[in-house]
Amino acid sequence: MIHAASLLLFALAQATPAPDATPTPKPTPAGPVVVLETTMGAIKIGLHKDKAPITVANFMKYVQARHYDGTIFHRVKPGFMAQGGGLDAKMVEKVTMSPIRNEARNGLRNTRGSVAMARTSDPNSATAQFFINVKDNHSLDFGIQGAGYAVFGEVLDGMDVVDRIVAVQTTQRGDHSDVPVVPILIKTAREAVAAPPGAVPKPQPSAAAAPKPKPSATPKP
């Protein structure tokens, strides 16, 4: 079993390459949409099935098998990324399927909001763990410092949730660093079902009838 602490380490976390002179517009995800319901809010992810077919198929197998339900974001770093999908709240690594081929050479970049596969120093070692970039991490792209980390998705909604996740207080737990003190649970990971064509949205209650919103909880720093 691949040790989770070895995924996505090395000096890549600190590397900050010079910004591109002309940023390239992000391609629109052309595949399924998956919603992660976490204890800090929902994160909607669009998948690049056309750019990373092997990775997307692998990710969807884990979603359909309910693998991600009950896992945590076990490594979070402000100004870098949030990594999860492999360990439960007791820091026990879940059993995974066979590793997949690295698809980092697909033209997709590790920009803010992109979702990529975590792996060890072996480029073809990714299984279930993934990470969400909270800034442009071009040092993780193919050819910058090696084989790169395969981007396969994009956060469509919920980057505010990801930003809150990376801002929580962290600690060391065994061999794992940057672990949230209060576990951030992925309660469910489900494919979003599109509304059928011609569907009429349900009417919303009037402002006068709407209940007063409750104050939202603020995570401790």
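The values are calculated or read from the model by the stated rules, or taken from the named source; none is laboratory data. From a predicted model like this one, the values you see are computed outputs, not experimental measurements. All Cβ positions, glycine included, derive from the backbone under ideal geometry; neighbour counts span all protein chains shown.
Looking only at residues in region 30-73 that are outside any helix (DSSP H, G or I) and among the polar types (S, T, N, Q), which one is nearest to residue 124 (Cα to Cα)? Among residues in region 30-73 that are outside any helix (DSSP H, G or I) and among the polar types (S, T, N, Q), the one nearest to residue 124 (Cα to Cα) is 71. Being modelled with pLDDT of 95 or more, part of a strand (DSSP E or B) and touching a Ser or Thr at 6+ places or on another chain (Cβ under 7 Å): is that true of residue 115 here? For residue 115, the condition - modelled with pLDDT of 95 or more, part of a strand (DSSP E or B) and touching a Ser or Thr at 6+ places or on another chain (Cβ under 7 Å) - is not met.
Scanning region 149-167 for residues that are touching a helix residue (DSSP H, G or I) at 6+ places or on another chain (Cβ under 6 Å) and over 18 Å from residue 68 (Cβ atoms) yields one hit, 149. Of all residues assigned to region 89-103, none qualifies as being surrounded by 23 or more Cβ atoms within 10 Å (Cβ to Cβ), in contact (Cβ under 8 Å) with a residue 12 or more places away in the chain and among the β-branched types (Val, Ile, Thr). Those strands (runs of 3 or more DSSP E) of region 130-221 in which 1 or more residues are under 17 Å from residue 117 (Cβ atoms) and modelled with pLDDT of 95 or more occupy 130-133, 151-157, 185-191. Sub-8 Å Cβ pairs linking a first residue in region 47-63 that is without any contact (Cβ under 8 Å) to a residue 24 or more places away in the chain and polar (S, T, N, Q) to a second residue that is surrounded by 20 or more Cβ atoms within 10 Å (Cβ to Cβ) and assigned to a helix (DSSP H, G or I), at least 6 apart or interchain, number zero. Residues in region 121-134: is at least one touching an Asp or Glu at 6+ places or on another chain (Cβ under 7 Å), in contact (Cβ under 8 Å) with a residue 40 or more places away in the chain, within 24 Å of residue 157 (Cβ to Cβ) and surrounded by fewer than 18 Cβ atoms within 10 Å (Cβ to Cβ)? Checked against the condition, which is being touching an Asp or Glu at 6+ places or on another chain (Cβ under 7 Å), in contact (Cβ under 8 Å) with a residue 40 or more places away in the chain, within 24 Å of residue 157 (Cβ to Cβ) and surrounded by fewer than 18 Cβ atoms within 10 Å (Cβ to Cβ), region 121-134 yields no hits at all.
Closer than 28 Å to residue 142 by Cα and either in contact with a Ser or Thr (Cβ under 6 Å, 6 or more places away or on another chain) or of a type in the set (Gly, Ala, Ser) (or both): does that describe residue 70? So residue 70 does not fit the description; no.
For (1) acidic (Asp, Glu); (2) touching a helix residue (DSSP H, G or I) at 6+ places or on another chain (Cβ under 9 Å); (3) farther than 22 Å from residue 193 by Cβ; (4) at pLDDT below 90, each residue gets a yes or a no:
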site: 25; (1), (2), (3), (4): no, no, yes, yes
site: 48; (1), (2), (3), (4): no, yes, no, no
site: 56; (1), (2), (3), (4): no, no, no, no
site: 61; (1), (2), (3), (4): no, no, no, no
